[in-house]
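For reference, the structure is listed below as structure tokens.
Nothing in this text is a laboratory measurement; each read-out follows from the coordinates by a stated rule. Quick caveat, the model's predicted, so the values are computed rather than measured. Cβ sites come from the backbone with ideal geometry, for glycine too, and all protein chains shown count toward neighbours.
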Amino acid sequence: MKKHAVSRIVFTSLTLFTFFVSFVVLAQQKPPVFRARIDLMQLDVTVLDKAGQPVRGLTAADFTLLEDNKPQSIEGFTAIDLPDRVVEGPVWAAKVTPDVTSNEIDNQRIFVLVIDDALSMGLLPDVPIQMIDVAAVARMKEGAEQFIRRLGPTDMGAVVFTQLTRLSQNLTTDHAKLLKAIQAFPRGGGGDLLPIPGRAGKGSACLGRIYSVGTMEGIVKQLSALPDRRKAIVYFGGELPWAAGPDDCTIFWRWRDVFASAQQTHVTINPIDTMGLRVSASSPPRQHEKYLTVADNTGGHAVVMNNDLEPGIQRIFQMNSSYYLLAYQPTNAAEDGTFRRLTVTVRNRPDLEVATRRNYWAPRTRATDEPPPPVPPPDVAALAGLLPLSALKLRATAAPFPVAGTERAVVTLALGVRQPAFAGRTPEQVEVLIKAFSADGDAKGTETQTIPVTVPAARADEDVSRYEVLARIELPKPGKYELRVSAHSGAADTRGSVYVDVEVPDFRKETLSLSGVVLSHALSAAPVAPARALRDLIPVVPTTERAFAASDPIAAFLRLYQGGGDRVTAVTMKVQIRDAAAKLVFDRSETIGPDRFSAERAAEYQLRLPLATLSTGEYLLTFEGTLGKTVARRDVRFQIR
């Protein structure tokens, strides 16, 4: 395969992490650590007792740090102690994705799950090329689901497939999206099985390895844009691509670069061998040592030689729940690219296990004549980060509707804006940029709009001003998209961004499909502009609010579509509301007759929500249309305050 084709493959694996690789912007975070000096080397250190439990309460004076057996002075120290995961919220929360996305992110930990389907699990030199270890795939899916269910409410996660990139899921605190990505992976493995060593020549043998290590390179690079925070990559795979020394595929040198970048930016790599207990004579000798080497070089934990992944997953969480950040200035300040060994121990406590990276490569002096990278326009830069910018607080909800007679769709977008309170009535001007990307990272549309809105003075009991703006973007065909939205407040000269996932049904072909659900607040105090921007598409004005008083007049709107060429028939529409315990508190069923469908085979459905009958708490609103054996469903989460 030609070099440029391989580069395209590797880039595609990373597209859910960045769409403007040259324009990475530091995410706005609350740094939990010191920033005393920029020349300090920082280490993440986990200390475990004999039972494998984190040891808390240590101080800088308890640690001894050596570099190449030479004592180093600890000049910065911070203890990070996160509470154990607390299962809270509605029982359906892990299964239902909110239809409103926010850019207000105050996460505890960041985990990226890499599913290495490029080097398919079970492909060994003496196994037929079309065979795959289904048990290994099942073990991978079960382990990944176990991992996701252990995430805390504010933990962020992502799922990246090295080959089936369209299944990947960007960083999110919505764990239902992560589970959906894992569950969508085929039981029989990935897509086209890739060549492996010894099968079809050197170039072919390298291809799968390049997929895998190239993905790791890109993820580490993008995670480095999140400063002062530990990030963990959790790798699930069978044949971890590795070379103990220089090789024809350059894997050795590429892993060295991965280690160097990970070590410098608080990224641990935790590889999990989904092949489990390797007892077959056909298994490569000492295969598990590859996993141990990768973990040792980044301070991660390897799960090997075990069919039960749960204990290893628990260990990874323990190591990322309580740890220490140590900073020191190396006594050897030479930027010579040399390999250096690290030793960290707890004084007078040989019974404790210290987990941290054991070595690093020193940086090399860079050429001073390198031109600086191009500076992107501010609105584009706001869309380029791994996480959205949150200086301007944004909430967004999107709903797809078809363009009659075509496979195209229009996505309506409501953007809720919050900013420091205006003391008086204030004219505002909001500049909105929307960029749409397919699941493969290809640009699929751009919309820009300048929206004037007059914002009333904030209420005396509130410290923010609120308003909503409406926009739309047209997408070329059905499928999964990510909308990246940038907004600039002229009155406050503040910019923010928010990333929204939207899935467009194939309205023309599916037997029955539903548009997105739009909620409308008839008496909302927040101004909306332009108020009639979507009137030609929908008869209501959307709101991003999902917390209501029992007395609020809230209506829900959606459309039903019958695709194909068969005669339009009656559809049963069931609407239900369940409380946090999943108890049914509202149930209505209605038949939508053929006469209610238009010439475009669409029927409107509206419902005034019975909020007055509900008590304080969280609720799940479900619309379920049934036509024969076809069921189409939309969910909306809301709250009564």
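A few remarks follow.
- Taking amide H as placed 1.01 Å from N in the peptide plane, the amide H of Ala421 sits under 5 Å from that of Val464, Ser465, each at least 5 places away or on another chain.
- Shape call, the range 465-578: gyration tensor on alpha carbons, a/c limit 1.5: oblate
- Overall form of the range 293-334 per C-alpha gyration tensor (a/c, 1.5; a/b vs b/c): oblate
- Overall form of the range 378-640 per C-alpha gyration tensor (a/c, 1.5; a/b vs b/c): oblate
- Net lengthening on full extension, Ala138/Ser615 (0.36 nm per residue, minus Cα-Cα): 167.5 nm
- Residue list for the range 481-499, given a label point 7 angstrom along the Cα-to-Cβ vector of Gln429 and an amide N cut-off under 16 Å: 487-495
- Theoretical gain in end-to-end length, Thr494 to Ser598 [0.36 nm per residue, Cα-Cα removed]: 33.0 nm
- For the pair Lys70 and Lys583, label points projected 7 Å from Cα toward Cβ lie 6.9 nm apart.
- For the range 378-640, the residue among Ser438, Gly405, Ala570 whose Cα projects farthest onto the positive side of the dipole built from Cβ charges is Ala570.
- Placing R0 at 41 angstrom, the Cβ-Cβ distance between Ala404 and Lys95 gives a FRET efficiency of 0.75 after rounding to 0.05.
- In Å, descending, principal axis extents of the Cα set of the range 500-641: 46, 39, 29
- Asn348 versus Gln264: modelled label distance in nm, points set 7 Å from Cα along the beta carbon direction: 3.9 nm
- Over the range 378-640, relative contact order from alpha-carbon pairs under 8 Å, at least 6 apart, %: 18 percent
- Net lengthening on full extension, Gln146/Leu292 (0.36 nm per residue, minus Cα-Cα): 50.4 nm
- A Förster radius of 41 Å combined with the Cβ-Cβ distance from Ala457 to Arg608 puts the calculated FRET efficiency at roughly 0.85.
- ³J(HN,Hα) computed for each position of the range 541-550 - Karplus, 6.51 cos²θ - 1.76 cosθ + 1.60, integer Hz, glycine/proline x: 9, x, 10, 8, 5, 9, 10, 10, 7, 4
- Scanning residues 5 or more positions from Ser168 or on other chains, those with amide H under 5 Å from its amide H are Phe161, with H placed 1.01 Å from N in the peptide plane.
- Checking every one of the GluC sites (Glu not before Pro) in the range 556-641 against DSSP loop status and a limit of 16 other Cβ atoms within 10 Å picks out Glu600.
- Point-to-point label distance, Asn359-Asp440, nm (Cα→Cβ direction, 7 Å offset): 4.0 nm
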